[in-house]
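Report on one structure; see the data block that follows.
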Amino acid sequence: MKGTYPTHLSASDRSVHALESCSFFSQSFVLEKNVSAFGGVHHWCIQQHHTLYLVLVDLGHRALPTEEIDTPVANLIRNHLNGNPVDLIHRITQHFAPTADEPYPFEVMVIKVSTSLRKVSFATTHRPIYFIRNQRLKRISTRTTSRERLSKSDVYSCRCKSGDVVYLSSGGFARLEGGPKNLSFGESNLEALLFNNHRNSFDVQHQYLQETMDTWLEHRRPHESVLILGAEF
């Protein structure tokens with residue numbers, strides 16, 4: 001099993017899985033556990049000029065080498081800096097699944113930040129993005145049915161404030177099978193875990209998430225990759 005646990009997000013002109021911290025975020029972490037060198041979950045944090053993109057793509061069981069995923073998506077992001085997050089989702093989906101029967105056959109989550117305007121925009125295909133402000137959690141979800149295509153009106157936007165916290169998560173953590181009854185960890189438990197610990201330092205949050213995952217698995221082998229990104233503005 002391949003397992004890596006980098007601590008901070010990095011912003012640069014490339015696809016990243018690095019340890020350097022992004023200057024726009026006061027704190028950040030990446031919790032990542034890959035079960036295979038192919039397919040799996042990938043993330044990008046790319047900043048050019050006054051625009052920053054944070055993107056998570058979960059291709060599921062699509063067996064593609066990392067280099068066939070990282071570079072194409074990084075190029076799509078760089079060529080789409082002035083565009084809408086939903087348009088970027090469509091371009092990524094079209095690149096990897098041009099003939100798919102459903103609009104979004106895999107997970108894509110996008111956060112776009114205008115660093116000069118301090119405006120943040122969110123779009124996601126399946127799973128919610130968790131956004132916390134003033135001790136209140138908002139579940140941002142922009143999809144209603146599997147057959148509907150997202151439109152620009154599905155993007156949620158707001159001015160970001162100091163202390164705002166955002167989390168992006170693949171479905172792997174919520175679907176971890178373990179515990180005393182060998183059940184899935186569950187989305188509601190993950191949401192509570194993130195919210196109840198969001199005031200701790202991000203190093204502590206990262207450690208607690210990893211320990212929770214290891215305890216829940218109890219030496220079991222996870223069936224899919226896990227990725228959680230956390231960032232504080």
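Checking each residue in segment 182-207 for being in a helix (DSSP H, G or I) and touching a helix residue (DSSP H, G or I) at 6+ places or on another chain (Cβ under 6 Å) picks out ASN197, GLN205. Being of a type in the set (Asp, Glu) and either touching a Cys at 6+ places or on another chain (Cβ under 8 Å) or in a loop (DSSP other than H, G, I, E, B) (or both) is the filter here; which residues of segment 78-102 pass it? Selection gives ASP101, GLU102. Look at HIS95 and say whether it is surrounded by fewer than 16 Cβ atoms within 10 Å (Cβ to Cβ) and touching a Pro at 6+ places or on another chain (Cβ under 7 Å). Considered against the rule, which asks whether it is surrounded by fewer than 16 Cβ atoms within 10 Å (Cβ to Cβ) and touching a Pro at 6+ places or on another chain (Cβ under 7 Å), HIS95 comes out as yes.
Scanning segment 136-181 for residues that are part of a loop (DSSP other than H, G, I, E, B), free of Cβ contacts under 8 Å to residues at least 24 places away in the same chain and surrounded by fewer than 17 Cβ atoms within 10 Å (Cβ to Cβ) returns SER141, THR144, THR145, PRO180, LYS181. Filtering segment 207-233 down to residues that are within 17 Å of the chain's Cα centre (by Cα) and more than 21 Å from PHE195 (Cα to Cα), which residue is modelled with the highest pLDDT? Applying the filter and picking the extreme gives SER225. Is it true that ARG62 is over 15 Å from the mean Cα position of the chain (by Cα), closer than 30 Å to GLN210 by Cα and charged (D, E, K, R)? Yes: the conditions hold for ARG62. The residue list GLY186, GLY172 contains one member that is in contact with a strand residue (DSSP E or B) (Cβ under 6 Å, 6 or more places away or on another chain) and closer than 22 Å to VAL108 by Cα, which is GLY172. Pairs only if they're at least six apart or on different chains, beta carbon under 9 angstrom, first in segment 205-233 and within 13 Å of ASN182 (Cα to Cα) and among the β-branched types (Val, Ile, Thr), second modelled with pLDDT under 95 and buried (at least 17 other Cβ atoms within 10 Å of the Cβ); list them, first residue then second. The qualifying pairs are THR215/GLY178.
The values are calculated or read from the model by the stated rules, or taken from the named source; none is laboratory data. Predicted model only: the values in this text are computed from it and were never measured. Reconstructed Cβ throughout: ideal geometry from the backbone, glycine too, with neighbour counts over all protein chains shown.
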